[in-house]
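J.: Provided herewith is a single structure, encoded as structure tokens, for subsequent inquiry.
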Amino acid sequence: MISFGNGNLRVPKLSRPVYMVAAGLTDFRKFYPEKQSTELCLESLKMAVEDGLGISPRDFKKMVNFCVYSQFADHFGDQLLAAAKIHDYLGFDPLGNIEVKTGGATGGSSVLAGVMAIASGYASLVPVIGWERMDEVNTRQGNAYIASAACKDFESELGWLYATYYALMMRRYIHEYNPNRETLTKIAQKNHHYARFSPYSQLPGDYTVDEILKSAVVSDPLTFPECCAMSVGAASIVLADEETAFRLTDHPVSVVGTGSGSHTLRTADRRNMPVLLLPNERPQLYQDRKNEWPGFTSFLAARFAAYLAYNMADITDPVKELDVLETHDAFTVSDIQTYEDIGLRPYGEGADFIESGDAFIGGRLPTNLSGGLLGSMHSVGATGIFQLSEIFWQIRGEWNKFHADDKYWGRFGKTKPNNFENLQVSNARRGMAISHAGTGSHVTAIILERGWSSE
Amino acid sequence: MSKQRQQVTISADSKTKLADVLFRQNIPQGIILRENPRNITHFHSYGGISKFFDGLAAGTLWGTVCGSCGNAGIWLPPRVHCPDCWQEMSWVKIDTSQATVYTHSTTNYPGAGFKATVPCPLISVEIPGICTKLMSYLSEFGDGEPYIGMPIRPVFSQNPTYTILDLSWVSRD
């Protein structure tokens, strides 16, 4: 739809408070033949329960009443109802469970489903478990599988490659707004760099802008380091109602904003419409705007999700009121588009979020300190859950506990780098994760906040 | 008297092959990685938009337009139903005389199953009066092409595959 009725813009409400109480990850690899998806999922949830909650799996399982599973593509894992296998492997039968699928936003949507289960009163303790098995086929076939999440009649045959669909947007973005080409590469540079300080990351590295620009071009103008990883791995979080949350931890993190948006699967079908304004934008901001909206340069789904989440969480200035952010940086260009869609900068000025230093550690809104999809992982079903795990640890002040401890580096057969940087945001109180599918077919925005009162 | 028993055998074409290298890395010792080959045919119907693919084979570009939504524009890709009012739309021939390149990307590393040669210049097409921007490709290009705003005309495959690849574009100059 290109115009809204009152019902469409209703701000979501939770019927009772929902908290996140634990998170766990495996490491992420291109290729993980040592472990099946069942084993990876178990290991991520085990970490959440044992290292996070500090209780035994046996005690934890006695409290669970519903589970949500998050996997993008059945054809990658080549196992329909894989969630039933994982649910069984974790020993949760006969508890009810659902598997959620919204492409790249599957992780965010799965957490949203878990939030709904708690908020409605249906459940009081819900693990949300995500994974993707992307190594059963080679990279070219993997790209074709991902591109079968484009329209098979009108798009997939044209490249069998999502990088191309984003490169079409990138070319148009550069045409309309003329950012420095170098600024786009700095997003990749930043996230590959932060990935160096994560024991979970797949593609850590320090690159110069020049190295990124001169890397092989996947689909012009996107180069390889500007495109996300294809990963195998798992991520789990645990959601709870208030009573259960405070029984499990003195420091639960509260879910204060949720939003979910969508747009046409085919980028081709995006009709021109008026800009949907966020709480921090006045109508005059875009009155002289000449470019089409959302066109090929903006994601209506991201804007819509942010609109709902900000209004729900009473956020009027996201850069000021959020302390830490995880975006779905599948490609450098989509990240810059997202900065504008979620109101960090006005349309056309997203590059300034990078150039100003805001997006870096020490800046006003450090973004993708996890290493993101470019540096750390894109094991699709796990991705949105991975992002929220990192936000959760930041808000609890536990970034060091789960990144700096040699125990985790050793667990994955890695050695912590000598020039290790501490990426804990001091006094992080509130953070957001953006989970994103297709060329913006589904987007969720989930805002977490410190759920305990500071003594 | 001994009981008669029938044998169950595994069909001879299920040849077992174990992989020892994947992504140029050795498979760790003790891990079995079995090759599961595929060769499956799906029968995919174009349903109510079959006319569009039939049109490509006949050298005509068809779109659809909603009679009850006024000047909402022509849909290309076509849809049977209008997404705004859910009424069935009417078919209309597309006038491509003003078609231009809206955006483009030349792909070098397409996914498996891509049927065109690389590098392949993929484009989105802008046509006045059309509310969408069809994705397609240039079947002929020179230095500096494609570029945004490039005037183009459609070319229809002589050997139709009944896929979107039957339509491509070349310079109008």
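The values are calculated or read from the model by the stated rules, or taken from the named source; none is laboratory data. Since the structure is predicted, the reported quantities are computational estimates derived from the model, not experimental observations. Cβ atoms come from the backbone with ideal geometry, glycine included; neighbour counts cover every protein chain shown.
J.: Tell me, which helices (runs of 4 or more DSSP H) lie completely within segment A:55-112 with 2 or more residues that are more than 30 Å from A:A302 (Cα to Cα)?
T.: Result: A:57-63, A:82-89.
J.: Any residue in segment B:88-117 that is in contact (Cβ under 8 Å) with a residue 24 or more places away in the chain and within 14 Å of chain A (Cβ to nearest Cβ) sitting within a Cβ distance under 7 Å of a residue that is of a type in the set (S, T, Y) and surrounded by fewer than 18 Cβ atoms within 10 Å (Cβ to Cβ)? List the pairs, counting only those 6 or more apart or interchain.
T.: Here the result reads B:V101/B:Y147, each pair linking segment B:88-117 to a residue that is of a type in the set (S, T, Y) and surrounded by fewer than 18 Cβ atoms within 10 Å (Cβ to Cβ).
J.: With respect to A:L285, determine if the residue is among the aliphatic types (A, V, I, L, M), over 29 Å from A:I129 (Cβ atoms) and in contact with a Leu (Cβ under 9 Å, 6 or more places away or on another chain).
T.: Here the answer is yes, as A:L285 does meet what is asked.
J.: For B:F23, only one of the following conditions fails: (1) farther than 26 Å from A:Q141 by Cβ; (2) facing chain A (nearest Cβ under 10 Å); (3) among the aromatic types (F, W, Y). What is its number?
T.: The failed condition is (1).
J.: Do you know which of the residues in segment B:118-132 that are at the interface with another protein chain (Cβ under 7 Å from one of its Cβ atoms) and under 15 Å from the mean Cα position of the chain (by Cα) is surrounded by the most Cβ atoms within 10 Å (Cβ to Cβ)?
T.: B:L122
J.: Within segment A:380-399, is there a residue that is farther than 28 Å from A:V333 by Cβ, surrounded by fewer than 21 Cβ atoms within 10 Å (Cβ to Cβ) and in contact with a Lys or Arg (Cβ under 8 Å, 6 or more places away or on another chain)?
T.: Scanning segment A:380-399, I find no residue that is farther than 28 Å from A:V333 by Cβ, surrounded by fewer than 21 Cβ atoms within 10 Å (Cβ to Cβ) and in contact with a Lys or Arg (Cβ under 8 Å, 6 or more places away or on another chain), so the answer is no.
J.: Return a yes/no flag: does segment A:90-99 have any residue that is among the charged types (D, E, K, R), closer than 30 Å to A:Y166 by Cβ and modelled with pLDDT of 95 or more.
T.: yes
J.: Let me ask something else about it. If you check B:V170 against the conditions, is it loosely packed, with under 15 Cβ neighbours inside 10 Å, more than 10 Å from every other protein chain (Cβ to nearest Cβ), touching a Ser or Thr at 6+ places or on another chain (Cβ under 8 Å) and not in a loop (DSSP other than H, G, I, E, B)?
T.: yes
J.: Shifting gears a bit: Does B:T64 meet the test of being among the hydroxyl-bearing types (S, T, Y) and in contact with a strand residue (DSSP E or B) (Cβ under 6 Å, 6 or more places away or on another chain)?
T.: Yes.
J.: Follow-up. Here are some conditions: (1) in contact with an Asp or Glu (Cβ under 8 Å, 6 or more places away or on another chain); (2) buried (at least 17 other Cβ atoms within 10 Å of the Cβ); (3) among the hydrophobic types (A, V, I, L, M, F, W, C). A:L80 meets all but one. Which one does it not meet?
T.: Just one mismatch for A:L80, condition (2).
J.: Looking for whichever is in contact (Cβ under 8 Å) with a residue 40 or more places away in the chain and either away from every other protein chain (no Cβ under 14 Å) or under 30 Å from B:D173 (Cα atoms) (or both) here; the options are B:A57, B:A12. Which one fits?
T.: When all the criteria are applied, what remains is B:A57.
J.: On to the next question. Which helices (runs of 4 or more DSSP H) sit wholly inside segment A:150-265 and have at least 1 residues that are within 14 Å of another protein chain (Cβ to nearest Cβ) and surrounded by fewer than 18 Cβ atoms within 10 Å (Cβ to Cβ)?
T.: A:162-177
J.: Name every residue in segment A:138-175 that is within 25 Å of A:V232 (Cα to Cα), at pLDDT 95 or above and among the β-branched types (V, I, T), in order of residue number.
T.: Scanning segment A:138-175 gives A:I146, A:T164.
J.: If you don't mind, another one. Suppose the filter is assigned to a helix (DSSP H, G or I) and buried (at least 18 other Cβ atoms within 10 Å of the Cβ); does A:C41 pass it?
T.: It is true that A:C41 is assigned to a helix (DSSP H, G or I) and buried (at least 18 other Cβ atoms within 10 Å of the Cβ).
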